[in-house]
1. So, in nm, how far is label residue 121 from label residue 47 when the simple model puts each one 7 Å beyond its Cα toward the Cβ?
2. Quick check on packing: order 58-70, 104-116 by the mean number of other C-beta atoms within 10 Å, highest mean leading.
3. I need the shape label for region 4-126. Rule: rounded when a/c is under 1.5, else prolate if a/b > b/c, else oblate, with a, b, c from the alpha carbon gyration tensor.
4. With springs only between Cα atoms under 10 Å, which of 19, 39, 102 fluctuates most in a Gaussian network model of the chain?
5. If contacts are Cα pairs under 8 angstrom and at least 6 residues apart, what is the relative contact order of the chain in percent?
6. With runs of 4+ DSSP H residues as the only contributors, calculate the mean residue ellipticity of the chain at 222 nm using -39,500 (n - 2.57) per run, divided by the residue total and rounded to the nearest 500.
7. Give me the one-decimal nm value for the distance between modelled label points at residue 73 and residue 92, 7 Å along each residue's Cα-to-Cβ direction.
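Please treat every number below as a calculation from the coordinates, not as lab data. Computed from a predicted structure; not experimentally measured. So basically every Cβ, Gly included, is an ideal-geometry build from the backbone, and we count neighbours across all protein chains shown.
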């Protein structure tokens, strides 16, 4: 079951940078999407509804638990949840590891339209 707030699918954002969280929240809401923000992977994993998110956007570089490990743990809870990993430090290895984990990958800086296109791809027919 996918979590919804109001009339749309819930997009969870996990990033330990408050500025990035606020920016992504504003972008998603300006596109008419519903979002829930988490300041750490640990916080997100304790939320009882995180695995029901329509999709999840997470940063790669976070303190304690990085985005790739968070994605692996989330996939144990719900193998079907679409995940987008964003990073300001892209490497071929990180991109390969994300792809192997079935996670989409987007390098910072990115255009708003790029991120929204990735969200659209993750939501697929559930949003349209």
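1. 2.3 nm
2. Details: 58-70: 19.2, 104-116: 13.8.
Sorting 58-70, 104-116 by mean packing, highest first, produces 58-70, 104-116.
3. On the way: a/c = 1.31, a/b = 1.16, b/c = 1.13.
Cα axes put region 4-126 in the rounded bin.
4. Between 19, 39, 102, it is 19 that shows the largest mean-square fluctuation.
5. Details: 203 pairs, mean separation 28.5, N = 128.
Relative contact order for the chain comes out at 22 percent.
6. Details: 5 runs with 51 residues, N = 128.
Roughly -12000 deg cm²/dmol at 222 nm, from the helical runs in the chain.
7. Modelled inter-label distance: 3.1 nm.
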